[in-house]
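Chemist: Okay, here's the structure, questions in a sec.
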Amino acid sequence: MISRIEKTHYIIIYQNYNISMELSVIFKSNRELINTFSTEQECIDFLELKRWEGNVVSPYDASSKVYKCKNNWYKCKNTKKFFNVKTGTLFENSKIGLTKWLEAIYYITARKKGVASCQLSKDINVTQKTAWFVLHRIRKCFNIATEQLENVVEIDETFVGGKHKNRHKKTKEKGVQGRSTKRKTPVWGAVERKGNLIARVVSNTQKGTLIPHIKENIKEDSYVMSDEWPVYKSLYQNYIHYVIKHKAGQYVDGKVHTNTIEGFWSFMKRGLLGTYHLTTKKKHLQKYVDEFVFRYNTKWHNEQDRFNLFFANMKNRLRYKDLICKAA
């Protein structure tokens, strides 16, 4: 059995729903993490307990009986197919050892502004291209479904991309200032005060795009705070809507403000520019946004809890051909 792993039974509240964690790995530093998962077998034992909690279930037929085979493989009786703990997860068909995978997961979940592929390639001794793929596979698992936000909710939108004023005079274009999406990508977000946050990359900030996101992610009759963007004028029909008038120099009016969501935008952009140097790559932007949302929604957890929580959503696999294909 894995060293430095203690059985506990506690409930971690994340994204407004309960996740029961039967096993928690205990460590206090990078060195202890590496010592805990020093061999492939220790990693496999840990992942099997995280995924199946001692009761192996076939990914091909959950009702089927399972036979244990050699070298950590299993056989599904009904489908006659073989599988292991990596089947159907982000680790499937990866040539990278699990020791490096778990180390990479810890680095990206523990560091407040993420880790660049160049740095990760040095940390786990792989090529930069491999590290880039590993990070995107991990980000795929950050996209966790949430329950609707309620109570007091702030909504806002931001635009991700390089500032036009920083361009050389010869490369400047017309019609790309302000809310233009010609050279920037819009992102809409909502945050429940003292609660969770949701953020989505959107095609534009018009009514037909934003209102469906609001209705999907925010419970009716909630208190909604927004700026004076005209799209939000119809919210009074389903919500108790308050407006803060930024154009008039108003940023706080009692309890009416959007400072929480704007603080997240600032945090996310500093990470995108400072760590990833990302500006206008719309194709991968949602995965980066999901990473910062995961980090925000687990800010009350320590590094160990965040690391353990990650594996509740490890059944997401991103293929390399899907990663590099042209965006639709």
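Every read-out reported here was derived from the displayed coordinates using simple, explicitly stated rules and does not represent laboratory data. Quick caveat: nothing in here was measured; it's all calculated off a predicted structure.
Chemist: May I ask you to evaluate 6.51 cos²θ - 1.76 cosθ + 1.60, the Karplus curve with θ = phi - 60°, for each residue of the range 286-301 and list the ³J(HN,Hα) values in order in whole Hz, giving x for glycine and proline?
Modeler: 4, 5, 5, 4, 4, 4, 6, 5, 4, 5, 5, 6, 10, 5, 7, 8
Chemist: Going down the list 112/283; 219/321; 282/321; 112/215, which pairs span over 27 Å between their C-alpha atoms?
Modeler: The answer is 219/321; 112/215.
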